[in-house]
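Q: Before we start, here is the structure in question, set down as structure tokens.
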Amino acid sequence: ELLTTLTWFLTLLLRNRDNLKEMQRLTNEDQLTGVLNRRGFEKAIVGIPEGTTILAIFADINGLKRMNDTYGHKEGDALIKRATQVMSDIFGKDHVFRMGGDEFLIYKEITSEEEADHYLSLLKASSAYHQVSLAIGSTITTAPVTDINAFIKVIDAKMYEDKGRHYHRRSADRQKA
């Protein structure tokens, strides 16, 4: 009887440990895409060694609202997943973070501005190939990132400049037609 009780108790402890690990994973991971979320980003960015040069990219999916309104949220979710896959294939799943909705933050440790340009070109080419339109803002910085909100605000503003250019081009194209 004692052995049965001890076995039950150990099983319960192991199950609770596993449940706790799963809950911790879920608090840092986006359920739709499988990449990390904002909380995961905040944990990752503070772990980058001081003096490391970082390319940071803020990407927003163009046309998601139109996709949802025209084809439904299931197709919108498929677009988000496709965009996530494009980014993850280039930067690695552990460097792509879904900040909310259709906004993503990516970081990559780099050694030169040329390397940053290469990654940005690769992202643009791959997203076009996979029929994902992204508004992209980027910056190069050096760790540590002490004010995460200010850091995000800078690249978010650059992304919105790109988004404005995208919609301005679309409007000009419609006027020509």
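Q: Take Tyr129, Tyr71 and sort them by solvent-accessible surface of the protein heavy atoms, 1.4 Å probe, largest at the top.
A: On the way: Tyr129 180, Tyr71 155 Å².
Result of the area sort, largest leading: Tyr129, Tyr71.
Q: Let me ask another. At 7 Å along Cα-to-Cβ for each site, give me the label-to-label distance between Met23 and Ala150 in nm.
A: Inter-label distance under the simple model: 3.6 nm.
Q: In Å and from the alpha-carbon atoms only, list the Rg and Dmax of region 33-143.
A: 14.1, 47
Q: Would you mind telling me the share, in percent, of accessible area of region 64-171 contributed by carbon and sulfur at probe 1.4 angstrom? Write down the numbers at each step before the final one.
A: Working: 3010 of 6110 Å².
That fraction is 49 percent.
Q: Under a crude label model (7 Å from the Cα following the beta-carbon direction), how far is Glu109 from Lys93 in nanometres?
A: Spacing of the two 7 Å Cα→Cβ label points: 2.0 nm.
Q: Turning to a different aspect of this structure: Counting heavy atoms of the protein chains only and a 1.4 Å probe, report the per residue accessible area for the chain as a whole number of Å². The partial results should precede the final answer.
A: On the way: 10880 Å² over 177 residues.
On a per-residue basis, 61 Å².
Q: So if I place +1 on the C-beta of Lys and Arg and -1 on the C-beta of Asp and Glu, and nothing else carries charge, what would the dipole magnitude of the chain be about its Cα centre? I want it in debye, nearest 20.
A: Working: 24 positive and 25 negative charges, 137 e Å.
Using Cβ point charges on Lys, Arg, Asp and Glu, the chain gives about 660 debye.
Q: While we're looking at this one, here's another question. Given the pairs Lys21/Lys43; Lys74/Lys108; Lys43/Lys163, which span a C-alpha to C-alpha distance of over 22 angstrom in this model? Mind dumping the intermediate values first?
A: On the way: Lys21/Lys43 16 Å; Lys74/Lys108 30 Å; Lys43/Lys163 28 Å.
Going by Cα-Cα distance, Lys74/Lys108; Lys43/Lys163 fall outside the 22 Å limit.
The values are calculated or read from the model by the stated rules, or taken from the named source; none is laboratory data. Since the model is a prediction, treat every value here as computed from it, not as a measurement. As a convention, Cβ positions derive from the backbone with ideal geometry for all residues, glycine included, and neighbour counts pool all protein chains shown. Calculation scope for accessible area: heavy atoms of the full protein, side chains included, ligands and nucleic acids excluded. Shrake-Rupley method; radii C 1.70, N 1.55, O 1.52, S 1.80 Å.
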